[in-house]
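Read the structure below first, then the notes.
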Amino acid sequence: MHLKTALVLCFAILSGAMLVYTSQRVHDAQRTLRMARAAVQKETQTTRMLQAEWAFLSAPDRLEKIAGEKLDLEGGAPRIIPSFEVLRPTTAPQMHDASFSGDAGEHIGGHE
């Protein structure tokens with residue numbers, strides 16, 4: 001009977017030790033998770049702040065005002081930019097090179 005009691009006692013101690021070890025690991029994992037979530041939340045807040053700052057700094061009205069104050073730009077009438085169709089030539093230019101022979105075996109200029 002003493003052997004049986006000793007085995008049950010050893011099993012209970014071993015089970016308790018495993019329970020404490022597992023509980024400690026869960027606690028550590030939860031702490032790591034809380035820290036990671038806090039870091040993500042901080043990064044999200046920083047990203048939102050930077051996006052708002054960028055929206056403010058790159059606002060066209062603000063940039064136009066600063067450009068007017070800092071640069072010596074002369075205001076003039078806006079020019080009309082022609083469309084690409086107006087600028088395109090109607091015929092393709094012809095390329096003629098007297099020194100080039102169509103035969104790949106001949107040298108340019110007729111010299112060998």
### Query
Which of the residues that make up the stretch 17-59 are surrounded by fewer than 10 Cβ atoms within 10 Å (Cβ to Cβ) and either outside any helix (DSSP H, G or I) or touching a residue at least 60 places away in the same chain (Cβ under 8 Å) (or both)?
S58
### Task
For the stretch 20-29, indicate whether the set of residues that are at pLDDT 90 or above, of a type in the set (F, W, Y) and within 32 Å of the chain's Cα centre (by Cα) is non-empty.
no
### Task
For the stretch 60-81, enumerate the residues that are exposed (fewer than 10 other Cβ atoms within 10 Å of the Cβ) and of a type in the set (D, E).
D61, E69, D72, E74
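The values are calculated or read from the model by the stated rules, or taken from the named source; none is laboratory data. The structure displayed is predicted, hence computed values, not measured ones. Because the Cβ atoms are built from the backbone with ideal geometry, glycine has one as well, and the counts that use them run over all protein chains shown.
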